Structure formats: C-alpha cells, structure tokens
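What follows is a single structure, written as structure tokens, with notes after it.
The values are calculated or read from the model by the stated rules, or taken from the named source; none is laboratory data. As the structure is a prediction and not an experimental result, all values here were calculated from the model. For neighbour counting, all protein chains shown are included, and Cβ atoms are generated from backbone atoms with ideal geometry for every residue, glycine included. Heavy atoms of the whole protein, side chains included, go into the accessibility calculation; ligands, DNA and RNA do not. Shrake-Rupley method; radii C 1.70, N 1.55, O 1.52, S 1.80 Å.
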Amino acid sequence: MENSRTKNSLINICTGFFGQFFQLLISFTNRVIFVHCLSQAYLGIDGLFTNVLSMLSLAELGIGSAISYALYAPLAKKDNAKVSALMHMYAKAYRIIGIIVGIIGLACIPFLKYIISDPGNIHENITLIYLLFLFNTVISYFYSYKCTLITADQKNYIISIINYAVTFSQTIVQIIILLVTKNFILYLVTKSIGTFLTNYLISWKANKMYPVLQEKNAPELSAHDKHDLFKNIKALMISKVGDVLVNGTDNIIISATKGLGIVSTGIASNYTLLINILYSILNQFLTGITASIGNLNASEKSETKKEFFNVFNLLNYLLFSWCAISFIFLSTDLVRLVFGNKYVLTIPIIIIMAVNFYTVGMRLAVWTYKSTLGLFDYGKYLVLLTGIINIILSIILGQKFGLFGIFLATFISRLCTNIWYDPYAVLKYGLNMSFIEYVKKYMSFVVLSVLQVALMGLIFTMNDSFVFKFICCVLIPNITNFIVFRNTPEFKYLLNKFIHLFNRIRERLIVVRQS
C-alpha cells in the first residue's frame with residue numbers, strides 16, 4: 001500500500017509539476033501579448049468577472065470536497081457499490097447546481113453597472129463579455145464532477161495531461177487571435193470552447209476507467225452515510241461562503257472603490273498573475289500527494305499520520321517561504337521588463353501580497369489533513385467571520401490606503417481567525433498533537449523568513465541587478481534552510497524521497513535511451 005501511494009504521488013507530482021510549468025510558461029506568453037494588444041481595462045474586466053463568478057460558485061456548497069472525502073475509504077476498500085451510489089448522487093446534485101448558477105448569473109446582469117465604477121476604454125458589450133464568462137462556469141458543472149473520482153483514486157495525472165493538452169492548443173489559438181484581430185470576444189469564445197472540450201474529454205476518460213459511472217440503477221446510500229455526507233456538506237457550505245468572501249472579493253472591491261476602478265484591477269492583476277503562477281505550480285506539486293494522504297488517513301495508524309503531517313508542514317514552509325521571498329525581490333523587475341513601468345506597484349503592496357501568499361501556502365498542510373480526515377465541522381462559522389471581517393476592513397482600509405489597504409485587510413482577517421484556529425482543530429481533534437509546539441515551529445519559520453529577507457535586502461543595496469538578485473534568491477533561502485533543518489527527521493525524509501525520485505527518473509531515462 002505504501003509503495004502504491006508513493007508511486008501514485010510521484011506520478012501525480014511529476015506530471016503536475018512539469019506540465020503546470022509548461023502550461024504557465026505559455027500562459028504567461030499569452031498574458032504578455034494580451035497586455036500589448038489590449039488595454040489595462042481588459043485585464044481588469046477579466047479579473048473582475050473571475051471574482052464575480054467565484055461568488056456564484058457558492059452554489060456548489062462544498063459538495064465536491066465532501067464527496068471526495070467520502071470516496072477515499074470505498075476506493076481503498078474497492079467497494080464499487082458505494083462508489084457508484086456516491087457518484088450517482090454527485091452527478092444529480094451538480095446538474096441542479098449548474099442550472100441554479102446559470103439562473104443566478106443571468107439575474108446579476110442588471111447589477112453590472114454598479115459593480116464597474118469605471119469601464120475604461122472597453123469597446124465591446126460588457127454584458128456579452130460577462131455571458132461568456134458565465135458559460136465557462138456553468139458548463140463545468142455538467143461534466144467536471146467526474147474529476148473528483150479520478151483525483152480521489154490518486155490518478156490526478158490523467159486530468160493534468162488532458163488539461164495541459166487542451167490549454168496549450170487553446171492558448172496558441174488565443175495568441176493568434178490577439179496578434180491578428182485584437183478581438184476580445186473571439187479570445188473569450190476560444191476559451192469557452194477549450195473549457196467545454198477539457199470537461200468533455202475528462203468525462204469520456206472517466207467513463208472508460210470506471211464503468212460504475214454508466215450504471216443506470218445505482219444503489220442508494222445508507223441512512224448513516226447520507227447523514228454523514230450532509231453534515232459535511234453543511235459545514236463546507238459555510239466554509240465556502242467565508243472562503244469566497246475572503247478570496248473572491250478583492251477585485252470587486254477594487255473595481256467599485258472610488259479612485260481605483262477597473263484600471264487599478266488590471267495593474268494589480270500582473271502581480272496577481274505571478275502569485276497565481278507560483279501558487280499553481282506549488283499547489284499542483286502538493287495536490288499530487290493529497291489523495292495519497294486521504295488514502296493514508298483512511299488506512300494507516302495514528303503515528304504515521306502525525307509523522308507525515310510534520311513532513312508536509314516543513315515542505316510547505318520550504319516551498320512557500322522561498323517563493324514569497326523571491327516574489328518580493330524579483331516581481332517588480334519582471335513586471336517592468338515584460339509589461340512596462342506603468343504596471344509597477346510600490347514595495348509595501350508587493351510585501352503584503354507576498355505575506356498573503358505565504359500565509360495561504362502555510363495552511364495547505366493543515367487544510368489537506370482537515371479535508372482528508374473529514375474535520376469539516378470545526379471552524380465552519382469562523383471562516384464566515386473571516387469573510388465578513390475582510391469585506392468590512394477592505395472597504396474601510398481601501399478608501400484610506402488604496403490597494404495596500406485592501407490586501408492588508410485580507411491578511412488581518414485571516415490572522416484574527418483561521419490562521420490559528422484551523423491548525424488548532426486539526427491537531428486537537430484529528431491528530432492529537434500539541435498546538436503549542438505547532439505555534440513555536442510556525443513562529444520559527446516566520447522569524448527565519450524575516451531574517452532571510454533582511455539579509456537579502458541588505459545585500460541588494462550593494463548590487464540590485466536582476467541576475468544577481470535571481471542567483472541570491474535561489475541560493476540564500478535554500479542554503480539557510482538546509483543549514484537549519486538538515487538534521488531534523490522531516491528534512492531527512494524529504495531528502496531521501498527526493499533522491500529516490502531522482503534515481504527513478506534517471507533509471508527511466510536510461511531505459512528510454514537504451515531502447
């Protein structure tokens with residue numbers, strides 16, 4: 001079982017990491033061409049409608065996460081009857097949700113003029129643009145529920161390969177459209193076709209892999225299973241509302257804030273793009289082992305769960321602190337080089353964006369264990385409080401400090417609530433571990449990161465060339481972390497796994513070369 005989890009994790013990680021890197025590279029090229037062919041306002045409208053439709057995703061109510069958790073045990077035990085019952089319920093729920101999202105989305109159209117305080121120089125019909133974004137969201141509900149089964153079965157690499165192939169083709173076509181026509185509507189239509197094709201191909205592949213999906217008379221879930229499932233859905237529904245209020249409202253508030261507007265949304269979006277690229281790569285890397293953790297939590301002893309939590313937590317720190325520090329020192333140079341001086345933000349805004357990125361990343365280990373252990377009920381109302389605090393502070397601080405105030409509000413709202421409570425709940429109710437020890441370790445991570453930033457900031461006063469800063473960002477954090485953590489059991493475990501992975505890849509390359 002351990003070898004199977006390791007193998008699936010390695011395949012998921014390798015496929016996800018390298019594929020995501022390639023996909024993001026071409027997507028970044030697409031963004032560069034987008035900026036030079038269209039105005040800042042188009043970037044802003046893209047980010048705004050993405051946030052608006054993330055609000056509509058509340059209709060999903062966390063069903064996906066609840067079903068995913070419910071699938072871990074029957075997949076591990078090969079209980080096809082229960083898998084069939086869960087997926088039958090899931091399919092029916094998602095069809096209803098897709099219709100609800102479409103109706104609510106259409107009902108939002110009259111309010112678009114109040115959300116967009118200044119549309120800038122967008123020439124196309126705003127309603128048509130919004131409808132294309134809405135189509136992308138709605139169509140996913142009729143197909144993408146099957147992704148959950150593939151992911152829960154530790155075969156996320158299949159979804160990744162399909163997604164990368166379609167996205168690559170779609171992006172090439174979009175780049176051609178921008179260069180030849182500069183038509184934003186055609187650009188969005190291409191995206192809609194790509195979204196439909198991705199979901200259709202994943203659905204087709206899932207049907208071939210899991211014949212239970214096509215059974216007409218699926219068994220009913222037991223009353224006990226239904227009770228547990230709906231209890232988790234209820235908890236996740238509240239968490240989902242809070243999550244969207246925290247993560248899905250910034251662009252809406254920026255667009256509606258007097259003195260900022262849709263153009264400011266576009267300016268901030270290039271830094272957000274870099275953040276999203278970093279997060280997507282790291283998240284894809286870490287998501288590759290999420291299903292394996294779910295399998296581990298469904299079948300292994302308590303001590304094994306605790307040991308791997310510490311490993312996962314250290315891995316989160318090593319990756320996210322390194323990327324956050326690099327973002328602080330390199331992002332402005334990249335934005336200036338690629339997009340121009342008019343898209344550059346001030347250093348306080350960049351730092352608070354990096355802090356938000358780091359705090360979200362450091363919650364991944366906690367959230368992964370919370371979801372795979374089924375601890376959805378803990379902290380459900382606190383997440384809602386986080387969202388309410390975020391909106392109130394964003395409006396107040398946004399008026400006073402602009403973009404910096406809106407991003408600062410996000411950090412403060414998390415600091416007051418789920419940064420500390422989620423680890424507390426997972427450690428106390430899921431792993432029976434010391435929360436105080438976790439806090440000490442977390443604070444040591446923070447102090448070490450701050451010292452690294454201070455050291456590098458001092459060094460860069462003497463030489464601030466991009467190449468020199470890039471080399472320092474690669475070397476200094478990683479060397480420092482190696483010195484500090486090299487003798488810990490968690491670091492030794494990660495190092496052994498890395499060496500094992502390297503040897504596996506080398507062996508495969510030798511076989512390919514010989515053949």
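Quick notes on this structure:
- Residue, most open to solvent (accessible area, probe 1.4 Å), within segment 469-481, restricted to residues that are closer than 15 Å to residue 333 by Cα and out of contact with any Phe, Trp or Tyr (no Cβ under 8 Å at 6 or more places or on another chain): 470
- Restricting attention to segment 165-181, the residues that are in contact with a Phe, Trp or Tyr (Cβ under 7 Å, 6 or more places away or on another chain) and either touching a residue at least 60 places away in the same chain (Cβ under 8 Å) or outside any helix (DSSP H, G or I) (or both) add up to 2.
- Single match in 412, 436 (criterion: more than 18 Å from residue 356 (Cβ to Cβ) and modelled with pLDDT of 90 or more): 436
- Exclusive hit being within 24 Å of the chain's Cα centre (by Cα) and modelled with pLDDT of 85 or more, set 148, 190: 190
- Residues that are crowded, with 19+ Cβ neighbours inside 10 Å and either at positive phi or in contact with a Pro (Cβ under 7 Å, 6 or more places away or on another chain) (or both) within segment 316-369 comprise 321, 322, 325, 366, listed in sequence order.
- Looking across 175, 202, one residue alone is modelled with pLDDT of 75 or more and over 23 Å from residue 97 (Cα atoms). It is 175.
- When segment 482-515 is limited to residues that are part of a loop (DSSP other than H, G, I, E, B) and either touching a His at 6+ places or on another chain (Cβ under 9 Å) or open to solvent by 100 Å² or more (accessible area, probe 1.4 Å) (or both), the one that is modelled with the lowest pLDDT turns out to be 515.
- Hits in segment 152-184 - residues which are β-branched (Val, Ile, Thr), open to solvent by less than 60 Å² (accessible area, probe 1.4 Å) and under 24 Å from residue 205 (Cα atoms): 158, 159, 162, 166, 167, 171
- For segment 151-158, the count of residues that are farther than 25 Å from residue 25 by Cα, out of contact with any Lys or Arg (no Cβ under 9 Å at 6 or more places or on another chain) and not charged (D, E, K, R) is at least one.
- Of the numbered criteria (1) farther than 22 Å from residue 280 by Cα; (2) part of a helix (DSSP H, G or I), the one residue 194 fails is (1).
- So residue 133, is it of a type outside the set (Val, Ile, Thr) and either at pLDDT 80 or above or open to solvent by less than 20 Å² (accessible area, probe 1.4 Å) (or both): yes
- Of all residues making up segment 385-442, the number that are among the hydroxyl-bearing types (Ser, Thr, Tyr) and either surrounded by 19 or more Cβ atoms within 10 Å (Cβ to Cβ) or touching a Pro at 6+ places or on another chain (Cβ under 7 Å) (or both): 6
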